1. Could you tell me the accessible area of E41 in Å² (1.4 Å probe, neighbours in place), rounded to the nearest ten?
2. Say the dipole of the chain comes from +1 at the beta carbon of Lys and Arg and -1 at that of Asp and Glu; which of V31, I3, Y89 then lies farthest toward its positive end?
3. Let me check the size of the chain from its C-alpha atoms; what are the radius of gyration and Dmax in Å?
4. Using a Gaussian network for the chain with springs between C-alpha atoms less than 10 Å apart, which of these wobbles most: A75, A61, A37?
5. If I build a Gaussian network model for the chain, linking alpha-carbon pairs within less than 10 angstrom, which residue out of R26, R42, R70 has the largest mean-square fluctuation?
6. Pairs of alpha-carbon atoms within less than 8 angstrom and 6+ residues apart define the contacts here; what relative contact order does the chain have, in percent?
7. Counting only residues 5 or more places away or on other chains, whose amide H sits under 5 Å from the amide H of V46 once H atoms are built in the peptide plane?
8. Please give the per residue accessible area of the chain, computed with a probe of 1.4 Å over protein heavy atoms only, in Å².
Amino acid sequence: ALIVRSATKVTKPVIEAASNLKVIGRAGVGVDNIDLAEASERGVLVVNAPTGNCVAAAEHAIALMCALARNVGQADACMKSGEWGRSKYVG
């Protein structure tokens, strides 16, 4: 088996070099980084995990909404400019 992420390209030479390859697993959505024609020709099963990061994406969206509601970006910029606008970002 070969398990890859989006940055890894599974090309024809890679599949040819793996003479005993039975399965290519893609951690995430899509299989555009895998040569499906070559895999099919060699009888290699290609699978992906399209819902594998749904929870992480939802958590990230909630965190971004909380940061927006609490003016985290503005407070960060204020601190980086050398100011301490504590009263401006309380609450």
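The values are calculated or read from the model by the stated rules, or taken from the named source; none is laboratory data. All values derive from a computational prediction rather than experimental measurement. Ideal geometry is used to build each Cβ from the backbone, glycine not excepted, and the neighbour counts take in all protein chains shown. To get the accessible areas, we keep the full protein, side chains included, count just its heavy atoms, and leave off ligands, DNA and RNA. Shrake-Rupley method; radii C 1.70, N 1.55, O 1.52, S 1.80 Å.
1. Number for this one is 150 Å².
2. Y89
3. Values for the chain (Cα only, Rg and Dmax): 22.4, 66 Å.
4. A75
5. R70
6. Here the relative contact order equals 23 percent.
7. I24
8. For the chain, the solvent-accessible area averages 74 Å² per residue.
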